[in-house]
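The values are calculated or read from the model by the stated rules, or taken from the named source; none is laboratory data. Note that the coordinates shown come from a computational prediction; the quantities given were computed from them, not determined experimentally. As a convention, Cβ positions derive from the backbone with ideal geometry for all residues, glycine included, and neighbour counts pool all protein chains shown. Accessible surface areas use protein heavy atoms only, side chains included; no ligands, DNA or RNA. Shrake-Rupley method; radii C 1.70, N 1.55, O 1.52, S 1.80 Å.
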There are 2 protein chains.
Amino acid sequence: MEVKTDIFHAVADPHRRQLLDLLRTGEKPAGELVEHFDLTFPGISQHLKVLKNAGLVKTRRQGRYHYYRVNPSPLRDIHEWITQYEQFWKGRLKKLGQHLGEAE
Amino acid sequence: MEVKTDIFHAVADPHRRQLLDLLRTGEKPAGELVEHFDLTFPGISQHLKVLKNAGLVKTRRQGRYHYYRVNPSPLRDIHEWITQYEQFWKGRLKKLGQHLGEAE
DNA sequence: ATATTATTTAAGTAATCACTTAAATAATAG
DNA sequence: CTATTATTTAAGTGATTACTTAAATAATAT
């Protein structure tokens, strides 16, 4: 039983991001996900475990199939962190904008 | 000479994120950054190198001081990736909302 | 029951990572 | 010129990572 995985770490791996991307169109059993990769079943299974520990996917079991679906709410943490830098590339404002431009 | 570092990887490390956060208030020489951590100078220097390879910081040299400043534009890649999931946590819409609720 | 299918868990490994101390580089100060 | 200060680069190490193959679990099909 592994402990809660850090969300930034979970998303740092390209294969794991691709897994999430695949799940954006809807839930899929593990086996269907594997087909998209040049990895073995256990390899994917371990990535899915990391995503699950980070809370980024949820599972539903139906018979021998384990359906995975994306749960993107933890991504909000990353989003919020990045938003602090958003003004830099958006407004291209300098120091003055830091206290003023709070409204959307 | 290390090759271009992946942006998601660069940002996955807490110390590196903290470095960027420290630089949000303005450029700082490496030595001043080190003070905020329980790490050695070379440790920080290596983290800064990763950030630089990822394009997240720029440097300016003045005498023996190396000033680092944040360059957040590469974060846009992460931001854009995450935005694809934004609707999930924002609208808390179910299946029906996927085609309809595009407007803010 | 037995075999098959879907998946996870276990165990092993090579590569990468985040640190350290020691040495190198480079600018300034005496 | 020498010593000091600021920083990087080199070299080494233990921990973590991303994979693999083999074994275990669990449901379905025969």
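See the values below:
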| quantity | calculated |
| --- | --- |
| Teacher prompt: B:GLU80 distances to equivalent labels in other copies, 7 Å Cα→Cβ, nm | 2.6 |
| Innermost chain B residue relative to the axis carrying B onto A, by Cβ distance in angstrom | B:ALA12, 2 |
| Added length on full extension, which subtracts the Cα-Cα distance from 0.36 nm per residue, A:THR25 to A:ASP38 | 2.6 nm |
| For A:TYR65, label point 7 Å along C-beta direction: distances to other copies, nm | 6.3 |
| Accessible area buried, both sides summed, chains B and A with 1.4 Å probe, Å² | 2600 Å² |
| Per residue convex hull volume, Cα atoms of the stretch A:7-73, in Å³ | 77 Å³ |
| 3J(HN,Hα) from dihedral phi, the stretch B:59-69, Karplus parametrisation 6.51/-1.76/1.60, rounded to Hz, x for glycine, proline | 10, 9, 9, 9, x, 8, 8, 9, 8, 10, 9 |
| Those GluC sites (Glu not before Pro) in the stretch B:1-84 that DSSP places in a loop and that have at most 16 other beta carbons within 10 Å | B:GLU2, B:GLU27, B:GLU35 |
| Relative contact order %, the stretch B:7-73, counting alpha carbon pairs below 8 Å whose residues are six or more apart | 37 percent |
| 7 Å along Cα→Cβ, label-point gaps from B:THR40 to other copies, nm, shortest first | 3.8 |
| Whole-percent carbon and sulfur share, accessible surface of the stretch B:7-73, 1.4 Å | 47 percent |
| Hz values of 3J(HN,Hα) by residue in the stretch B:31-41 - Karplus curve (6.51, -1.76, 1.60), Gly and Pro given as x | x, 5, 5, 4, 3, 7, 10, 9, 10, 7, 4 |
